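No lab work stands behind these numbers, since they all come straight from the coordinates. Bear in mind that the values here come from a model prediction, so they are computed numbers and not experimental data. Cβ atoms come from the backbone with ideal geometry, glycine included; neighbour counts cover every protein chain shown.
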């Protein structure tokens with residue numbers, strides 16, 4: 001396991017409204033499971049990143065700890081990091097993801113999930129999450145995870161964010177269109193068994209707006225069978241959980257179906273207690289150091305199709321299980337499904 005110390009930081013940006021428009025899905029050559037969905041407003045922005053060393057790291061003095069490790073399978077799969085918010089953060093809605101793999105690298109694509117931290121020192125974070133890249137100059141910049149509703153992060157010595165990085169390689173694109181409350185994808189078409197993770201990308205988007213587009217809405221994924229108004233084939237879609245109309249926004253979408261520790265887990269009377277549901281995975285069970293990523297999966301049944309609430313994960317030491325919990329601390333209802341992807345800390 002590689003360990004780097006970092007200083008947590010943050011910046012603020014302005015919210016900008018978006019327009020309904022054409023979107024494009026980019027498929028990387030080296031890792032076909034990972035795609036980026038963005039508006040095709042300027043194809044010249046879709047540049048191939050410069051080659052670089054995947055594991056170039058160095059030790060930095062700081063306040064929070066980030067652990068970086070690669071999964072055992074597949075060999076060319078994602079890299080996973082844990083960033084802690086730290087106790088010195090004040091009046092900031094964004095956290096600087098300061099790491100050699102991310103610094104000065106706008107081409108990478110990220111997935112994020114909030115980790116509550118320990119029961120004694122953790123913190124709720126009731127907001128949808130997004131990521132953005134801030135260029136400090138022509139050749140330098142940093143990635144941030146941000147609260148989409150612009151509320152401040154809570155200082156905590158244990159809570160933070162799980163961040164997944166995919167190989168920064170892009171290839172040719174196919175088209176999809178935002179329709180009503182849904183943005184349809186060309187990934188995993190006619191594969192209702194697929195498992196997708198998503199994260200909204202605030203910036204860079206659009207090219208003409210330096211501060212990007214904030215989307216203070218909870219989002220999920222859903223599979224549609226049969227003909228649709230603008231799609232004649234069975235497709236997956238990203239949707240706003242409040243069922244408001246889709247806007248031209250950018251998303252990182254990761255198909256984790258082939259990952260051995262991905263699954264679909266559903267809340268029930270047997271696994272829920274209060275604000276959370278317990279997960280069951282052989283890598284996550286009895287492993288407080290595991291890193292968990294989750295996305296709500298809308299099901300085609302009343303009460304299970306939408307879940308307009310921010311969620312995070314925490315480790316319940318009383319039952320030795322990781323749990324998905326509601327950030328608003330309300331009761332977790334039954335029949336709510338989530339795509340879950342698990343990584344074991346310390347994997348070579």
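Below, the figures for the structure above:
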quantity: For the stretch 295-319 and the stretch 93-165, distance of Cα centres in Å; calculated: 21 Å
quantity: Estimated inter-spin distance, residue 273 and residue 189, nm [label 7 Å along Cα→Cβ]; calculated: 4.6 nm
quantity: Cβ-based exposure ranking for 84, 190, in which fewest neighbours within 10 Å come first; calculated: 190, 84
quantity: Linear extension gain, residue 154 paired with residue 289, 0.36 nm per residue minus alpha-carbon span; calculated: 46.4 nm
quantity: Efficiency of FRET between residue 331 and residue 225 - r from beta-carbon atoms, R0 35 angstrom, step 0.05; calculated: 0.70
quantity: Rough spin-label spacing in nm, given labels placed 7 Å along Cα→Cβ, for residue 211 and residue 118; calculated: 3.8 nm
quantity: For the stretch 81-152, the spread of Cα positions along each principal axis, largest first, Å; calculated: 42, 23, 23
quantity: Fewest-first sequence of 161, 224 by Cβ atoms within 10 Å of each Cβ; calculated: 224, 161
